[in-house]
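Colleague: The structure follows.
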């Protein structure tokens with residue numbers, strides 16, 4: 001039997017084992033990933049399943065007594081409105097990961113200007129890897145559990161023409177771009193509802209890339225914030241929160257109280273009128289109380 005067929009059998013067995021280990025109440029409200037609902041990412045990239053056991057064994061980056069803050073690092077030019085929106089991301093990040101969050105003073109991207117490629121007529125692109133290596137890595141704060149660059153400049157990485165973000169599993173470093181979330185990038189004008197949509201998109205990619213920095217791989221089990229995406233449509237169809245398996249990884253790594261986490265996220269979504277997320281999180285919080293009660 002060929003190696004590819006063996007790998008396929010092994011993957012199906014692992015997937016069955018993982019699904020059977022998730023309590024029905026814990027799974028309620030989530031959709032298993034299928035060829036029909038998967039993003040275009042999965043038609044291009046074949047990725048393995050990362051179980052909770054795999055995750056623990058990988059020894060991911062974790063907060064320590066010294067490194068327990070998520071540091072958001074503005075990079076490059078931003079308008080006053082864009083800079084102000086970082087406070088919303090700070091608030092979301094604190095609710096999502098349950099850690100202290102602060103915004104560092106902005107940094108220039110001039111140090112990587114020679115690594116740019118003009119792949120879009122109006123928007124220069126920067127090599128995300130170079131930003132991590134040249135700008136972020138030498139400045140990793142001593143208190144940073146994760147150090148995440150945020151830019152309005154477009155990014156590319158490796159063979160990919162553009163990326164929304166890149167996160168390093170080992171180095172506590174990442175960078176993501178908000179450029180393609182703005183209608184101005186595509187030559188359009190801002191309309192009613194665009195600010196809420198931009199906030200949702202920003203929160204989605206922030207949770208995803210910071211998840212990578214804490215060692216989570218792309219999720220191939222459920223519709224989940226850790227799903228891979230290679231288009232704006234893919235990103236918009238991706239949930240803001242983690243699936244039951246990725247959620248357990250987060251609780252274990254960061255030593256979180258699931259109920260407190262969901263309550264903080266619910267308050268954030270209600271405050272910022274993200275109604276779909278608020279409705280889902282309210283129901284999930286109610287179910288989580290029941291799930292947790294059966295495990296105590």
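Any read-out appearing in this document is the output of simple, stated calculations on the displayed coordinates, not a laboratory observation. Remember, predicted model here, so these are calculated numbers, not experimental data. Virtual Cβ from ideal backbone geometry, glycine too; neighbours counted across all protein chains shown.
Colleague: Could you check the spin-label model distance between residue 289 and residue 28? Points 7 Å from the Cα along Cα→Cβ, value in nm.
Modeller: Spacing of the two 7 Å Cα→Cβ label points: 1.3 nm.
Colleague: Using alpha carbon centroids, what distance separates the stretch 19-64 and the stretch 72-97, in Å?
Modeller: A separation of 28 Å, based on Cα centres.
Colleague: Output the 0 to 90 degree angle, nearest 10, between the alpha-carbon long axis of helix 80-97 and the longest principal axis computed from the alpha carbons of the chain.
Modeller: Computed tilt is about 20 degrees.
Colleague: How big is the antiparallel share of DSSP beta bridges in the stretch 62-209, given as a percent to the nearest 5?
Modeller: 25
Colleague: Another question, then. Determine the gain in length on full extension of the stretch residue 267-residue 19; use 0.36 nm per residue of separation and subtract their C-alpha separation, reporting nm with one decimal.
Modeller: So the chain would gain 86.3 nm between residue 267 and residue 19.
Colleague: If you don't mind, there's one more thing I want to ask. Along each of its three principal axes, how wide is the spread of alpha-carbon positions in the chain, in whole angstrom units, largest first?
Modeller: Between the extreme Cα coordinates on each principal axis of the chain lie 51, 50, 42 Å.
Colleague: Now a separate question. For helix 244-254, what angle does its Cα long axis make with the longest principal axis of the chain, in degrees from 0 to 90 and rounded to 10?
Modeller: Orientation of helix 244-254: about 70 degrees from the principal axis.
Colleague: Let me ask something else about it. Hey, rough spin-label estimate for residue 44 and residue 84, points 7 angstrom out along Cα→Cβ, what's it come to in nanometres?
Modeller: Result: 3.6 nm between the two label points.
Colleague: Another one. Give the peptides 56-63, 240-247 in descending order of average Cβ contacts within 10 Å, highest first.
Modeller: With the highest mean Cβ count within 10 Å placed first, the list reads 240-247, 56-63.
Colleague: What 222 nm value per residue comes from the helices of the chain, counting each DSSP H run with n ≥ 4 as -39,500 (n - 2.57) and dividing by all residues, nearest 500 deg cm²/dmol?
Modeller: Roughly -12500 deg cm²/dmol at 222 nm, from the helical runs in the chain.
Colleague: Considering the chain as a Gaussian network with a 10 Å cut-off on Cα pairs, which listed residue, 51, 34, 79, attains the greatest mean-square fluctuation?
Modeller: 79
Colleague: Moving on to the next point. Could you tell me what a quarter of the Cα convex hull surface of the stretch 62-209 works out to, in nm² with one decimal place?
Modeller: Seen from a random direction, the Cα hull of the stretch 62-209 projects 8.7 nm² on average.
Colleague: Still on this model: Residues of the stretch 153-174 with backbone nitrogen within less than 19 Å of a virtual label 7 Å along the Cα-to-Cβ line of residue 108, please, listed as ranges.
Modeller: Flagged as within label range: 153-154.
Colleague: Here is a further query. Compute the angle between helix 194-213 and the longest alpha-carbon principal axis of the chain, please, reported from 0 to 90 degrees and rounded to the nearest 10.
Modeller: Between the helix axis and the principal axis of the chain, the angle is about 70 degrees.
Colleague: Further, regarding this structure: Over the stretch 170-296, one equal point on each Cα, no solvent: what is log10 I(q)/I(0) by the Debye formula at q = 0.16, 0.21, 0.22 Å⁻¹?
Modeller: -0.87, -1.37, -1.45
Colleague: Can I ask one more? Have a look at 169, 185, 45 and tell me which one the Gaussian network model of the chain (Cα, springs below 10 Å) gives the largest fluctuation.
Modeller: Highest fluctuation of the listed residues: 45.
Colleague: What's the extension gain from residue 257 to residue 134 if we count 0.36 nm per residue and subtract their Cα-Cα distance? Spell out each step's value before the answer.
Modeller: On the way: separation 123, 0.36 × 123 = 44.28 nm, distance 3.63 nm.
Difference between extended and current length: 40.6 nm.
Colleague: Provide the percentage of antiparallel DSSP beta bridges, counting only those with both residues in the chain; round to the nearest 5. Show your work: numbers first, answer last.
Modeller: Details: 7 of 26 bridges.
Taking every DSSP beta bridge within the chain, about 25 percent pair in antiparallel fashion.
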